[in-house]
Amino acid sequence: MPIFSKVGVVGAGTMGHGIAEVAAIAGYQVYLSDVSQDILNSALEKIKWSLQKLKESGKLKESVETIISRIKPTTNLSDFADADYIIEAVVENSEVKRKVFSELDGIVKPNAIFATNTSTIPISTLAEATKRQDKFIGLHFMNPPVLMPLVEIIMGNKTSQQTLEITIEFAKSIGKDYVIVKKDVPGFLINRINGRTFAEAILMYDEGYQKEDIDAMTRFRLGMPMGFLELLDFTGIDVSYNAALEAIKRGEKEPPHFKVLKKMVEDGRLGVKSGKGFYTYKSKIYERPKIVPTDNMYLINPLRIIAPAVNEAAWLIRNNISSAEDIEKGMIKGMSWPQGPLTFADKFGIDNIVNFLEQRYHDTGNDYYNPDPLLKEMVEQKKLGVKSGEGFFKWNYERVDFGPVRYEKLHDYAKITMRRAEKLNALNEAMWTGLTQAFNKAKEDKDVRAVIITGEGRAFCAGDDIEMMHYWENTASVIEWSQKISSPLIDTLANYPKPIIAEVNGLAFGGGMELLILFDIVIASEDATFAIPEGLIGALPPLASSMGVGFVSRKIARYALTGEWLSAKQAKELGLVDIVVPPEQLEITGVEIVEKVKRVAPLSSMSIKRVINSIRNSYLDKLQIASQELTILSTTEDFKEGMKAFIERRQPKYKGK
Ligand code: NAI
């Protein structure tokens, strides 16, 4: 419902004609002005085309003719005399804009409100051209105004509360959600954060990363709708360049990516409009570059994009410019981010964000990366995000220790950590039992959608504790161990209803490598090592030689029969590991995979797991054979010799009996 009758829109270009259309759809009488009748005619054509599209898709209540009849085109600003609310959308030039406002000030009734759609010019600079600075505000639409659901409302230095309230009501009346920027800072909310993230994508390109890998990372790891380089091409490299140039002219420090933008503009690489930017566009028309997931996208740390965005967001909050809720809404509704930067931060961990920024600050010396005091304070107060129950937002958190196994509920997933770092998280009785208890707890909690398992220290898990195995006295004690200690965990895992994600942080040997066969998604740090060396100490790897060879790969036979070590990359080739990342990315990649797993419908996820488990279970009879073999081996002299030699750190002398 209109809150007054007449709206004026100055400038009928890309934004102006869209704003006029939005206002007319909402029932306002609209004056639309530009410098020539030709421009206005073309604007009306575009509005008509757009309205017809909306009508075809059933989104318009009224006829196209009724709506268009509300728009009065004019080249004469004096026609705006009785307008109640005027939105300026002329070229991004402060001289031109000031001139328009100064002229309007003398024409329009004194209580009318002036709003500017500027992207970069301080609102107060423009307000000063009028005698109604209290009735002057920023109203920043997104392109295209008809489709984008959000506007930014920016307070100038002298904007009154009443002007803000009327503008909020106006935004609502035209069907837009809004975010409020309480202080007149350049770039406002959305473009300040965009500026940080786009800069990072450009810098990575300049550092030699392939454009396809950068964009694959933003799309397929962070879930952004477009690659950022693709998006920069779409909006125009010159647009980013000019915005940066304006900031420099205002006295801001030259941003680190400015040189790249300048060179691209000098070379005529303006993006889609010139046929070449980061990508090439044959007919100067936007065609989506072919961006597909790549292995290399896992080499690029997503925090390159997220950490600077969070740093900027923290600055906005600390300076009381925008609220955390508005920052989230701004990036989700204004830029179609899958979640806001602060939610990303809470999920990835505020400590990880701060560490990353500090490292970048140290490496580059650019205070662009100096972590905002708010972030540092949050780390000091242990407000680390999901992992501590509170960050920018509150999260459900629970912690229980089952002996050496720590269980943590991280809002909607669980993290299980093996914590016997001094013994390389070797599987003694307490570890086996603790793991069974922790997995069962995660299974029973309805909120938990997925489970992450990892190890503390330099190992994921060194496998069965040899000291414990050494004390297996006879066949009966081995069978008892298997029934009471190991089988409950193996049964639990082989029938587990929720996705299990392993973060292999280091050495995964013997049982530590074998358990991976029972997990669904395995992420490994690139410096992790793997081996199933049981044969070298007179035993055998039961899971690997049975279910592993059948369910994962025949190639496991080689490693069971030689005891050779594997790198993370080789383990990936084997099919045991799915994703290999640099060590500093392990934790956040786990978070990323949890996010992806959560997108799958819960019932689908459970069905998929039932099918997978049925295949795993079809190898249980083979595992049975392996267990029998192990029991027999455990009674041999060679087994005793193998254990002894291992503990005494010497080569075993096998006799074959
Ligand atoms: P545009 O170049 O498409 O349109 C500007 C229009 O203003 C032109 O038609 C021009 O003839 C007209 N104009 C120039 N001087 C005028 C005057 N004295 N009186 C009346 N009309 C005049 O530019 P665009 O993209 O529509 O941008 C307009 C404003 O919106 C700029 O401040 C820009 O920063 C801002 N903006 C642009 C967005 C975009 O994606 N293009 C997004 C959000 C804001």
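A single member of 59, 72, 48 is in the same structural domain as residue 170 (by TED's automatic domain parsing) and within 36 Å of the chain's Cα centre (by Cα), and it is 59.
Each residue in region 1-14 was checked for being within 14 Å of the ligand (Cβ to nearest atom) and surrounded by fewer than 23 Cβ atoms within 10 Å (Cβ to Cβ), and 2 pass.
Which of the residues belonging to region 598-617 are more than 28 Å from the chain's Cα centre (by Cα) and touching a residue at least 40 places away in the same chain (Cβ under 8 Å)? Let's see the steps before the verdict.
Step one: filter region 598-617 for residues more than 28 Å from the chain's Cα centre (by Cα), giving 610-617.
Result: 610, 612, 613, 615, 616, 617.
Under the condition of being of a type outside the set (A, V, I, L, M) and under 13 Å from residue 90 (Cβ atoms), which residue from region 115-130 is nearest to the chain's Cα centre (by Cα)?
Narrowing region 115-130 to residues of a type outside the set (A, V, I, L, M): 116-120, 122, 124-125, 128, 130.
Add one more test, that the residue is under 13 Å from residue 90 (Cβ atoms), and what stays is 116-119.
Working: 116: 32, 117: 29, 118: 29, 119: 25 Å.
So, considering only residues that are of a type outside the set (A, V, I, L, M) and under 13 Å from residue 90 (Cβ atoms), the one nearest to the chain's Cα centre (by Cα) is 119.
Within region 260-298, the set of residues being free of Cβ contacts under 8 Å to residues at least 12 places away in the same chain, assigned to a helix (DSSP H, G or I) and among the basic types (Lys, Arg) comprises 263 only. Only one of the numbered conditions (1) assigned to a loop (DSSP other than H, G, I, E, B); (2) within 16 Å of the ligand (Cβ to nearest atom); (3) exposed (fewer than 14 other Cβ atoms within 10 Å of the Cβ) is violated by residue 61, and that is (2).
So which residues in region 86-108 are of a type in the set (Gly, Ala, Ser) and more than 10 Å from the ligand (Cβ to nearest atom), if there are any at all?
First, the residues of region 86-108 that are of a type in the set (Gly, Ala, Ser): 89, 94, 102, 106.
Listed by number, the residues that qualify are 102, 106.
Scanning region 1-39 for residues that are among the hydroxyl-bearing types (Ser, Thr, Tyr) and part of a helix (DSSP H, G or I) yields one hit, 14.
Any idea which residue in region 109-122 is farthest from residue 156 (Cα to Cα), counting only those that are away from the ligand (no atom under 11 Å from the Cβ) and surrounded by fewer than 24 Cβ atoms within 10 Å (Cβ to Cβ)?
At the first step, the residues of region 109-122 found to be away from the ligand (no atom under 11 Å from the Cβ) are 109-115, 122.
Applying the additional criterion that residues be surrounded by fewer than 24 Cβ atoms within 10 Å (Cβ to Cβ) yields 109-112, 122.
Working: 109: 21, 110: 18, 111: 17, 112: 16, 122: 8 Å.
Among residues in region 109-122 that are away from the ligand (no atom under 11 Å from the Cβ) and surrounded by fewer than 24 Cβ atoms within 10 Å (Cβ to Cβ), the one farthest from residue 156 (Cα to Cα) is 109.
Quick one: which strands (runs of 3 or more DSSP E) sit completely within region 377-459 and have at least 1 residues that are at positive phi?
Working: elements: 397-402, 405-410, 413-418, 451-455.
In region 377-459, there are no strands (runs of 3 or more DSSP E) which contain 1 or more residues that are at positive phi.
Among the residues of region 566-597 satisfying the criterion of being part of a loop (DSSP other than H, G, I, E, B) and touching a residue at least 40 places away in the same chain (Cβ under 8 Å), which is nearest to residue 517 (Cα to Cα)? Selected residue: 576. So, residue 19, is that one more than 11 Å from the ligand (Cβ to nearest atom) and either buried (at least 16 other Cβ atoms within 10 Å of the Cβ) or in the same structural domain as residue 138 (by TED's automatic domain parsing) (or both) or not? No. Taken together, the criteria exclude residue 67 from residues that are within 11 Å of the ligand (Cβ to nearest atom) and outside any loop (DSSP other than H, G, I, E, B). Checking each residue in region 126-156 for being away from the ligand (no atom under 13 Å from the Cβ) and not hydrophobic (A, V, I, L, M, F, W, C) picks out 128, 130, 131, 132, 133, 134, 135, 149, 156. On the stretch given as region 491-523, residues that are assigned to a strand (DSSP E or B) and either farther than 16 Å from residue 544 by Cβ or touching a His at 6+ places or on another chain (Cβ under 6 Å) (or both) total 5. The sole residue among 24, 43, 83 that is small (Gly, Ala, Ser), within 12 Å of the ligand (Cβ to nearest atom), in the same structural domain as residue 168 (by TED's automatic domain parsing) and touching a strand residue (DSSP E or B) at 6+ places or on another chain (Cβ under 7 Å) is 43.
For residue 98, the conditions (1) in a helix (DSSP H, G or I); (2) crowded, with 24+ Cβ neighbours inside 10 Å are fulfilled apart from (2).
Is it the case that some residue within region 334-347 is free of Cβ contacts under 8 Å to residues at least 60 places away in the same chain, in contact with a strand residue (DSSP E or B) (Cβ under 7 Å, 6 or more places away or on another chain) and not polar (S, T, N, Q)? Yes, region 334-347 contains a residue that is free of Cβ contacts under 8 Å to residues at least 60 places away in the same chain, in contact with a strand residue (DSSP E or B) (Cβ under 7 Å, 6 or more places away or on another chain) and not polar (S, T, N, Q).
The values are calculated or read from the model by the stated rules, or taken from the named source; none is laboratory data. Because the structure is predicted, anything quoted here is derived from the model rather than measured. When we count neighbours, we look across all protein chains shown, and the Cβ atoms used for this are built from the backbone with ideal geometry, even at glycine.
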